[in-house]
Amino acid sequence: MWKSRNSTELGTLFHALNKINATAQHSNPNYTRAMKHLLILGDQLSDQVAPLLGADPTELHILMIESLERSRVLPYHKQKLALLYSAMRHFRLRLEGQGFTVHYQRTSSFAEGVQQYLQLFPGATLHLLEPAEWGTEQALRAAVTAAGGSLAVLPNPLWLCTDADWQQYAGDKKQFRMEFFYRQMRRKTGYLMENGQPVGGQWNFDAENRKVPPTGHRFPPKLELEPDALTLETIAWVESSFPSHFGTLENFNWAVTREQALQALEHFLQHRLANFGPFEDAMQEGEEQLYHSLLSPALNLGLLTPQEVCEAALERYHASKMLGDIPLESIEGFIRQILGWREFMFRVYRNKMPEFKNENQLEQHQNLPDFYWTGQTEMRCLSSAVLQLERRGHTHHIPRLMVLGNFALLAGVSPQQVNDWFLTTFVDAFDWVVTPNVLGMSQFADMGSFTSKPYVSGGAYISRMSNHCKSCIYDPKKTTQDDACPFSSLYWHFLERHKTRFQSNVRMSLVYANWNKRSDQDLVLARAESVLEHLF
């Protein structure tokens, strides 16, 4: 089994600290054992990696902070807050059950929580795994210093890609491409590799992952995770504390403990992995999960590690290989999402922040339409996605990219407003994953620092990959009439208004050649202008 180098190095560091303390105690009879202090953030809820893995509970004080200030930066989905706080509160109980002393602070801000802790332990050094989100380390360091302590930041082993791995890939590149990063990580980990070559003779089976379930297709049952008393208490607290926030808390069904997360992983491997690949990009009216794992919230909180998820999937694939139960395109597609996109987006984010947050090179400034909050639009695909978000706080990557993101880009919406909306409405949304996916991949606000062209399409793509259009009043085949799909006319309007930027793009030359041949350009653009007039 491949081992995380970060975890090993971090474990070695803490064992060295223990040895130093033991030596000092042996040589000095008046020595009082120095306790170590560890600050655990809400997205670091793992005892499967150092420094908690193998730690002596009698030598470590743990600080966890619930910050109301942080939870009110945006009107975050109520299920997102319930998930975060329930997971944190359960993790506290887990650590206390292992004998650790946990100082759990519920305060107005992180700075207040740090100050209260350092009043108990004046001058202490707080150890902290490197935060994923840009700016968190700087803010915490300032708070700790102001309270008279110091901060020691340790490598974060909750990632498969190390700083050295990224530097080996990135070097002095001005543009990054996930495919080549993914290949490097496949070589490093050995995942789906044989004799230095990719299993099946190719790196990527994405072209085979674009099928649509046939009419009448029966999807496997959803995993039902019954909320326990602590989760129910947290749900009630969120409802009373954040009544005006987005979404509903009905039917909360997210893993809030490691045990539940492992149960969700096993359920995916047993019931969904085999068909994940072929139907990865499909959208179905009334079907919220399809064959997706819904493991991103547990991964992003630390309840599962990417290493164990990848290796569990690979183990299941190899075990079923003789039977052919799990096709190569399914296991490769799943590994690519975690080892490829997830790790790649985190590294792109760390590389490009903080300037990345303000990118708007397409100069789009329209306000986000109200229906992104209400779902009240006659465009069936958009209405379905928003209403599912309200109920569940989740859609898979194609509604995110090709419905919600695509429409905002075509309509000229401010990428910063789009970014804030995604951060608000999705339960698995953290800045490190949302910002590069939205500003870079979805809204093309950076003009392609890691993508080669905008992800835009008309209604034809949505019609091909979903059954939304069958019950929609708009026709995806039309571009000029009153019942023409807004996506289709806005698609050509977008290409026309950004013609000077994109017509020389090799990957878009055929699209512009087709547009230039059309004799009804004025009618198409007039229809698009009418759509925009009614939007804003």
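In table form, for the structure just shown:
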item: Residue in segment 407-424 that is farther than 30 Å from Lys173 by Cα, in contact with a Cys (Cβ under 6 Å, 6 or more places away or on another chain) and buried (at least 23 other Cβ atoms within 10 Å of the Cβ) present; result: no
item: Qualifying residues in segment 441-484 (those that are touching a helix residue (DSSP H, G or I) at 6+ places or on another chain (Cβ under 7 Å) and over 27 Å from Gln364 (Cα atoms)) - the one surrounded by the fewest Cβ atoms within 10 Å (Cβ to Cβ); result: Ser471
item: Hey, Gln307 assigned by TED's automatic domain parsing to the domain that holds Glu332, outside any loop (DSSP other than H, G, I, E, B), surrounded by 15 or more Cβ atoms within 10 Å (Cβ to Cβ) and not charged (D, E, K, R) or not; result: yes
item: Hey, Pro436 under 27 Å from the mean Cα position of the chain (by Cα), touching a residue at least 40 places away in the same chain (Cβ under 8 Å) and closer than 29 Å to Pro131 by Cβ or not; result: yes
item: Within segment 134-160, tally of residues that are closer than 16 Å to Ile65 by Cβ, β-branched (Val, Ile, Thr) and touching a helix residue (DSSP H, G or I) at 6+ places or on another chain (Cβ under 7 Å); result: 1
item: Among (1) under 21 Å from Glu280 (Cα atoms); (2) at pLDDT 95 or above, the one test that Asn209 misses; result: (2)
item: From Arg141, Arg94, residue being under 30 Å from Glu250 (Cβ atoms) and either in contact (Cβ under 8 Å) with a residue 24 or more places away in the chain or assigned to a helix (DSSP H, G or I) (or both); result: Arg94
item: Number of positions in segment 359-387 that are farther than 23 Å from Trp492 by Cβ and crowded, with 19+ Cβ neighbours inside 10 Å; result: 3
item: Filter pass, Phe356 being closer than 17 Å to Tyr182 by Cα, crowded, with 16+ Cβ neighbours inside 10 Å and within 20 Å of the chain's Cα centre (by Cα); result: no
item: Any hit, segment 36-47, residues being under 25 Å from the mean Cα position of the chain (by Cα), within 30 Å of Trp373 (Cα to Cα) and surrounded by fewer than 18 Cβ atoms within 10 Å (Cβ to Cβ); result: no
item: Residue among Ala132, Ala147, Ala142, Ala164 that alone is surrounded by 15 or more Cβ atoms within 10 Å (Cβ to Cβ) and farther than 30 Å from Phe444 by Cβ; result: Ala147
item: Leu290 at pLDDT 95 or above, at positive phi and aliphatic (A, V, I, L, M); result: yes
item: Helices (runs of 4 or more DSSP H) fully within segment 364-421 counting 1 or more residues that are small (Gly, Ala, Ser), under 18 Å from the mean Cα position of the chain (by Cα) and under 25 Å from Asn251 (Cβ atoms); result: 380-392
item: Residues that are of a type in the set (Ser, Thr, Tyr) and within 27 Å of the chain's Cα centre (by Cα), drawn from segment 103-150; result: Tyr104, Thr107, Ser108, Ser109, Thr136
item: Residue match in segment 478-494 (condition: touching a strand residue (DSSP E or B) at 6+ places or on another chain (Cβ under 9 Å), outside the structural domain of Val212 (by TED's automatic domain parsing) and without any contact (Cβ under 8 Å) to a residue 12 or more places away in the chain); result: yes
item: Restricting segment 282-295 to residues that are surrounded by fewer than 22 Cβ atoms within 10 Å (Cβ to Cβ) and not aliphatic (A, V, I, L, M), the residue that is nearest to Met345 (Cα to Cα); result: His292
item: Selection from segment 321-339 of residues that are more than 20 Å from Leu290 (Cβ to Cβ) and in contact (Cβ under 8 Å) with a residue 12 or more places away in the chain; result: Leu339
item: Within segment 203-258, tally of residues that are part of a helix (DSSP H, G or I) and loosely packed, with under 12 Cβ neighbours inside 10 Å; result: 3
item: Single condition Asp172 does not satisfy, out of (1) part of a loop (DSSP other than H, G, I, E, B); (2) assigned by TED's automatic domain parsing to the domain that holds Gly302; (3) at pLDDT 95 or above; (4) not hydroxyl-bearing (Ser, Thr, Tyr); result: (3)
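The values are calculated or read from the model by the stated rules, or taken from the named source; none is laboratory data. What you see is a predicted model, and the numbers here were worked out from it, not measured in a lab. Positions of Cβ are generated from backbone atoms using ideal geometry, with glycine treated the same way; all protein chains shown enter the neighbour counts.
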